[in-house]
Amino acid sequence: RRDLPSLRSRLCSHSEPLLIRYCNRFSIVGNTSVRNLGTAMVGHPVLSSFVVALSIRVAFAVVSGLLHDGLLISDEGQYLLLAQMRAEGELTPQFWAGYGQALFGSTRTFMWPVTALFWIFGPVRIVAQLVAALFGAFTAAATASLASRVLRPKFALVAGLVVAFFPSQILFSS
């Protein structure tokens with residue numbers, strides 16, 4: 001009870017209202033957190049670009065799967081069918097008159113993980129989208145890595161984030 005009057009006198013003795021003081025204190029803490037996050041990101045431009053790009057692409061893949069029924073890009077169906085046929089063991093030389101095997105072979109870096117995941121989980125579109133998101137995030141990280149060889153870390157981060165936020169990159173790698 002003795003502390004209550006002293007607390008009241010401290011809170012009411014200032015010229016600015018209590019709510020404004022707490023809001024100002026919160027904004028100072030928030031600005032410090034943002035500044036610390038920015039410093040950490042500049043310190044690790046490759047990792048930061050990767051995490052940001054992966055987060056955006058996974059979010060886009062999930063949201064587009066929920067809001068859009070069907071394919072976003074016409075080639076998407078071709079790759080999904082190709083991975084499904086390979087996972088089921090039906091990718092024969094007769095499939096698409098030999099073009100199917102040639103396409104699978106020329107895109108095997110992407111198709112092998114998708115095919116393996118289709119074999120494990122079945123032909124689920126989100127699985128292929130997550131593989132594409134991973135490749136897109138690696139692209140943003142590679143951009144930041146290459147930029148860090150010739151630029152300061154701040155500019156390497158900017159280069160990685162440009163790829164991370166570039167709309168067509170998000171669309172094609174989600």
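The values are calculated or read from the model by the stated rules, or taken from the named source; none is laboratory data. Bear in mind that the values here come from a model prediction, so they are computed numbers and not experimental data. Every residue, glycine as well, gets a Cβ built from its backbone with ideal geometry; the counts of neighbours run over all protein chains shown. For accessibility, only protein heavy atoms count, side chains too; no ligands or nucleic acids. Shrake-Rupley method; radii C 1.70, N 1.55, O 1.52, S 1.80 Å.
Points to keep in mind about this one:
- Percent carbon-and-sulfur accessible area, segment 88-153, ignoring ligands, DNA and RNA, probe 1.4 Å: 68 percent
- Of the GluC sites (Glu not before Pro) in segment 62-131, those whose Cβ has at most 11 other Cβ within 10 Å and which sit in DSSP loop: Glu90
- Nitroxide proxy distance, nm - points 7 Å out along Cα→Cβ at Leu67 and Ala40: 2.9 nm
- Mean sequence separation of contacting Cα pairs (under 8 Å, at least six apart), scaled by the length of segment 54-174, corresponds to a relative contact order of 33 percent.
- Accessible area per residue for segment 93-138 is 57 Å², calculated with a 1.4 Å probe on protein heavy atoms, without ligands, DNA or RNA.
- Computed label-point distance, nm, for sites Ala97 and Trp119 using a 7 Å Cα→Cβ extension: 3.0 nm
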